[in-house]
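The structure under discussion appears below in the form of structure tokens.
The values are calculated or read from the model by the stated rules, or taken from the named source; none is laboratory data. Since the structure is predicted, the reported quantities are computational estimates derived from the model, not experimental observations. Virtual Cβ from ideal backbone geometry, glycine too; neighbours counted across all protein chains shown.
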């Protein structure tokens, strides 16, 4: 079984914990401490949210500043159109910032926001009738 760990530097562990808790996420205490939160996205998908100092320990190049440049777009699927708007609204109400306006393409709805540390998260619903298996 493979697991995915996305690593991101955050400005504040307490603020980050409160923000993602408000969005309905939980954390794996086995991989969390005062410098790192292990955000559970799905059973085998996690985001390691680390203080800048902790994140720096893993780098060989300078850290990007997500408040000044986009280093990654993190996209999460949503089960419904309503769930896209709900997560975006909740994020904005708990310290997130707007990113781009919600894009409604009919068969797909994409809402986005920046977390308190400046990382861009997109929440996407796609009509299952329009998703063709490969």
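Tabulated data
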item: Qualifying residue in the range 36-44 (condition: at pLDDT 95 or above and farther than 22 Å from residue 87 by Cβ); result: yes
item: Qualifying residue in the range 46-65 (condition: touching a residue at least 40 places away in the same chain (Cβ under 8 Å), outside the structural domain of residue 121 (by TED's automatic domain parsing) and closer than 20 Å to residue 90 by Cβ); result: yes
item: Which listed residue is within 17 Å of residue 6 (Cβ to Cβ) and out of contact with any strand residue (DSSP E or B) (no Cβ under 8 Å at 6 or more places or on another chain), from 64, 18; result: 64
item: Some residue of the range 70-87 being assigned to a helix (DSSP H, G or I) and without any contact (Cβ under 8 Å) to a residue 12 or more places away in the chain; result: yes
item: Meets criteria (in contact with a strand residue (DSSP E or B) (Cβ under 6 Å, 6 or more places away or on another chain), assigned by TED's automatic domain parsing to the domain that holds residue 118, closer than 30 Å to residue 125 by Cβ and touching a residue at least 12 places away in the same chain (Cβ under 8 Å)) for residue 37; result: no
item: Residues satisfying the stated conditions in the range 9-65, i.e. within 15 Å of the chain's Cα centre (by Cα), exposed (fewer than 14 other Cβ atoms within 10 Å of the Cβ) and assigned to a strand (DSSP E or B); result: 26, 42
item: Subset tally (residues that are buried (at least 18 other Cβ atoms within 10 Å of the Cβ) and assigned to a strand (DSSP E or B)) for the range 88-127; result: 11
item: Lone unmet requirement of (1) touching a helix residue (DSSP H, G or I) at 6+ places or on another chain (Cβ under 8 Å); (2) farther than 16 Å from residue 122 by Cα for residue 90; result: (2)
